[in-house]
Amino acid sequence: MSLLEVKNLQVAYGGIQAVKGIDFHINQGELVTLIGANGAGKTTTLKTLVGMVKKAGGSIDYDGKDSASIAPHDFVRHGLAMVPEGRGVFAKLTVEENLHMGAFYRNDKAEIQNDIERVYGLFPRLKERQKQLAGTLSGGEQQMVAMGRAMLSRPKLLLLDEPSMGLAPIIVQKIFEIIRMVAAEGVTMLLVEQNAKLALEVSQRGYVMESGKITMSGNARDLLDDERVRNAYLGE
Ligand code: ATP
């Protein structure tokens, strides 16, 4: 069953069409990746899904509803969480306070505490640093906070924008391990990545975006084996 169904989505910034009529879907429980070069329109697509950017045309059905019927400030309440490019942690808040911000719309205190412990289980590094100001964490640690915070909202659909950006290879490996673990917990995810190889390796399906259009789609395995993908995105 599709949790997200996007049809003929179009987005423009002034006169520039950044997304030119794309179709894609994400099934319940799936991890799907969107790969593409810089400026292909991936971030714009994610922003449109959470109401940060207005669409110019097409439709987005999320969890059986037309997403246009959801107010932008209500997406989190409807289970749509995004970890933005650049992470967006609250620099002046501690790790633990950042996690609590993710649970802003919840009032099940005991469950929130359970979820915080679960996040600390996934990221022991954060447990050690729970009282540290997030702004003083390393890039990898901030990525962990951003992912943990998103998980605290108990998302039905988690959107991750370039989680590996700017991180050292060893930390990138760790972040992908965590993506795998979060997926194994049953969270549906849409992953946008420059690191196409790692992204496709953890995903079930993928889409390739070029200049605002989806030019290829399929099983992640098939895309990994595809010659065009290998040449253009896997550096081969
Ligand atoms: P990257 O990997 O570099 O982040 P992307 O695939 O996420 O690339 P987008 O950020 O979605 O690409 O950008 C798509 C196009 O829209 C680009 O040409 C970009 O310059 C343009 N664009 C993005 N945001 C804006 C904006 N706020 N105003 C005007 N143009 C924008």
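Before moving on, here are some points about what is shown:
- Boolean, I112 is in contact with a Ser or Thr (Cβ under 6 Å, 6 or more places away or on another chain) and aliphatic (A, V, I, L, M): no
- Which listed residue, of G64, G86, is open to solvent by 40 Å² or more (accessible area, probe 1.4 Å) and within 13 Å of the ligand (Cβ to nearest atom): G86
- Of the helices (runs of 4 or more DSSP H) lying entirely inside region 134-226, those containing at least 2 residues that are without any contact (Cβ under 8 Å) to a residue 12 or more places away in the chain are 169-184, 220-225.
- Criterion violated by F104 - all others in (1) farther than 24 Å from R180 by Cβ; (2) open to solvent by 40 Å² or more (accessible area, probe 1.4 Å); (3) at pLDDT 95 or above satisfied: (3)
- K42, sole failed condition from (1) within 12 Å of the ligand (Cβ to nearest atom); (2) open to solvent by 40 Å² or more (accessible area, probe 1.4 Å); (3) not small (G, A, S): (2)
- When the criteria are applied in full, K131 meets the requirement of being open to solvent by 70 Å² or more (accessible area, probe 1.4 Å) and touching a strand residue (DSSP E or B) at 6+ places or on another chain (Cβ under 7 Å).
- Contacts under 7 angstrom Cβ, first residue in region 1-26 being under 18 Å from I70 (Cβ atoms), partner in a strand (DSSP E or B) and open to solvent by 80 Å² or more (accessible area, probe 1.4 Å), 6 or more apart: V6/D23; K7/D23
- Taking the criterion of being more than 16 Å from the ligand (Cβ to nearest atom) and charged (D, E, K, R), the residues of region 134-188 that qualify are E141, R149, R154, K156, K174, E177, R180, E185.
- Close pairs (9 angstrom Cβ cut-off, 6 or more residues apart or separate chains): within 22 Å of P155 (Cβ to Cβ) and without any contact (Cβ under 8 Å) to a residue 24 or more places away in the chain in region 119-130, open to solvent by less than 10 Å² (accessible area, probe 1.4 Å) and of a type in the set (F, W, Y) anywhere: K127/Y120
The values are calculated or read from the model by the stated rules, or taken from the named source; none is laboratory data. Bear in mind the structure is a predicted one, so any value in this text is a computation, not a measurement. No Cβ is skipped: glycine too gets one built from the backbone with ideal geometry, and neighbour counts run over all protein chains shown. Just the protein is used for accessible areas: all its heavy atoms, side chains included, with ligands, DNA and RNA removed. Shrake-Rupley method; radii C 1.70, N 1.55, O 1.52, S 1.80 Å.
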